[in-house]
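Please read the structure below before turning to the comments.
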There are 2 protein chains.
Amino acid sequence: MKYCVKIEVSLKPGHTDPEGNTTQRLLKELGYNVDSVSVSKIYNVQIESQNSREAKIKAEEMAKRLLANPTKDNYTIKVEEQK
Amino acid sequence: MKYCVKIEVSLKPGHTDPEGNTTQRLLKELGYNVDSVSVSKIYNVQIESQNSREAKIKAEEMAKRLLANPTKDNYTIKVEEQK
């Protein structure tokens, strides 16, 4: 079966987020009263897998081995069956 | 009320995604049989707003005016009430 796994990688609390801070400043300059902005990244990965449990385990491995830096990043994983 | 709006900005189909392609290559080198990878970005914006409808309208405006490039980007918006 084909699955689409969405791996969202975001900065752990306490790390500065320059892109988020700049975006907040620009939105304020445009007149929006924005309290804070943080930016995270989603990797949409299409994989072939036996079932959704196996797809999730693979995605966890990918996050740990390549996509997320354990020193500074958190990640969350969602698995969707491919339409 | 405080709301957290999540604005996800992704490339429109047909645009090359160099970061996605590189990630796919690296995941293959690590032994994962990955069909494709695309990368999108989420802006988590905290705003003060009367209700969720108004928060969504503001987020639409932010996406159009600053966050998404109409030539190459799609965007989706989710509004969550702040815990």
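The values are calculated or read from the model by the stated rules, or taken from the named source; none is laboratory data. Values in this document were obtained by computation on a predicted structure and should not be read as measured data. We place every Cβ from the backbone using ideal geometry, glycine too, and count neighbours over all the protein chains shown. Accessible surface is based on the protein model in full, side chains and every heavy atom, while ligands, DNA and RNA are left aside. Shrake-Rupley method; radii C 1.70, N 1.55, O 1.52, S 1.80 Å.
Remarks
- Annotation note: of A:Glu19, A:Glu60, the sole residue that is outside any loop (DSSP other than H, G, I, E, B), of a type in the set (D, E, K, R) and touching a strand residue (DSSP E or B) at 6+ places or on another chain (Cβ under 6 Å) is A:Glu19.
- Boolean, A:Ser10 is of a type in the set (Gly, Ala, Ser) and in contact (Cβ under 8 Å) with a residue 60 or more places away in the chain: yes
- B:Asn74, sole failed condition from (1) surrounded by 13 or more Cβ atoms within 10 Å (Cβ to Cβ); (2) at the interface with chain A (Cβ under 8 Å from one of its Cβ atoms): (2)
- Of the residues in the range B:28-43, at least one is closer than 25 Å to A:Asn21 by Cα, touching a strand residue (DSSP E or B) at 6+ places or on another chain (Cβ under 8 Å) and hydrophobic (A, V, I, L, M, F, W, C).
- Taking the listed residues A:Tyr32, A:Tyr3, the one that is among the hydroxyl-bearing types (Ser, Thr, Tyr), in contact (Cβ under 8 Å) with a residue 40 or more places away in the chain and either more than 10 Å from chain B (Cβ to nearest Cβ) or open to solvent by less than 60 Å² (accessible area, probe 1.4 Å) (or both) is A:Tyr3, with no other qualifying.
- Conditions (1) touching a Pro at 6+ places or on another chain (Cβ under 9 Å); (2) assigned to a loop (DSSP other than H, G, I, E, B); number of the one not met by A:Pro13: (1)
- Counting residues in the range A:33-53 that are touching a Lys or Arg at 6+ places or on another chain (Cβ under 9 Å), among the hydrophobic types (A, V, I, L, M, F, W, C), modelled with pLDDT of 95 or more and not in a strand (DSSP E or B) gives zero.
- For the range B:16-29, the set of residues classified as loosely packed, with under 13 Cβ neighbours inside 10 Å and of a type outside the set (Asp, Glu) consists of B:Thr16, B:Pro18, B:Thr22, B:Arg25, B:Lys28, listed by residue number.
- Here is the figure for the range A:35-68: residues that are more than 17 Å from the chain's Cα centre (by Cα), facing chain B (nearest Cβ under 8 Å), open to solvent by 60 Å² or more (accessible area, probe 1.4 Å) and without any contact (Cβ under 8 Å) to a residue 24 or more places away in the chain total 1.
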